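Single-structure report; data block below.
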Amino acid sequence: MWSGTAIANKVAVAHMDPMTAGVLRSMLAGILGAGVALVARFPRPTSPRLWALLMLSGVCSFALWPLLLSLGLGMTTANHAALIMAILPVLTGLIAATVERRTPRLGWWIGVGIAVAGTVLLVSQRSRPGTDTARSASLLGDVIILAGTGVCASGYVIGGRLSPVIGTWATTFWGLASALVVLVPTFVWLSPRTEWGAVGTAGWSAIAYMTVLSSLIGYAAWFWALGHGGITRIASWQFMQPVLTVAWAAMLLGETVTLPLVGAAAAILVGTSVAQRAARGW
């Protein structure tokens, strides 16, 4: 489900304003998430500090990150977006280590170095001038998505400090709901940028995919799997996500898979894997 997020997002921004698309999918997910949280009676924060953590986590993970992803995808390819997003576990570990003042093992730093080198290769790699890929994979788009992964990683770290108190499910679904405080007024402000009558079936289907499958069912399936299969065992499957996205982009969007792209993908996935293995011993 998550491997299709960048593909659906790319389709959505072809039918509506990129920033509006990012806000819309998160706003709809927030409304559904609030309903799930109320029906399931998930626990809520019990102090102003915990509410602040929930708001920060929700805004970073479910408001700013989708907005930056959509904005970046309006300027770059789904291939590039998927592989930049693959560095998310590394950034999460780096931010967590900084906040908690931990010194990661040497193996972690080696993995980070490899993954970062792959990301630099990816961002700096451009297709031949005049090709469709060259026109659609801009440096600015890549940088925006890279910045977005940093924002998302920060949201994960903040949410990680709240999850032990109210639970992962509550943190996720109340986080989706809390982001509505920012998403609703932002959507009202941005909505005139899109000619809604011209948004076709493909555009609305893409929004529905990101709302239901990427945001709600995807997270629910992920947390269920973590609880039943163990974090260490299940987390490794996350490395399939960028690989599948690149395959979907080639088949559905006609994006070209080049040798530098494959090299960058290998470096990012190997580096992230090395860092993740070293992090288990912290």
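The values are calculated or read from the model by the stated rules, or taken from the named source; none is laboratory data. Predicted model only: the values in this text are computed from it and were never measured. Methodologically, a virtual Cβ is constructed for each residue, glycine included, from the backbone with ideal geometry; neighbour enumeration extends over all protein chains shown.
Quick look at the values:
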item	result
Check on S61, under 10 Å from the mean Cα position of the chain (by Cα) and part of a helix (DSSP H, G or I)	yes
Residue pairs meeting the criteria (Cβ under 6 Å; at least 6 apart or on separate chains; first under 22 Å from L83 (Cβ atoms), in region 225-246; second modelled with pLDDT under 70 and of a type in the set (A, V, I, L, M, F, W, C))	I234/L226
Only one of W237, W248 that is modelled with pLDDT under 75 and either crowded, with 20+ Cβ neighbours inside 10 Å or over 16 Å from V112 (Cα atoms) (or both)	W237
Total residues in region 100-111, condition β-branched (V, I, T) and modelled with pLDDT under 80	1
Only listed residue being outside any helix (DSSP H, G or I), modelled with pLDDT of 90 or more and buried (at least 18 other Cβ atoms within 10 Å of the Cβ), chosen from M16, M55, M27	M16
R102 vs. criteria surrounded by fewer than 19 Cβ atoms within 10 Å (Cβ to Cβ) and free of Cβ contacts under 8 Å to residues at least 24 places away in the same chain	no
Residue in region 32-54 that is within 16 Å of M210 (Cα to Cα) and out of contact with any Phe, Trp or Tyr (no Cβ under 7 Å at 6 or more places or on another chain) present	yes
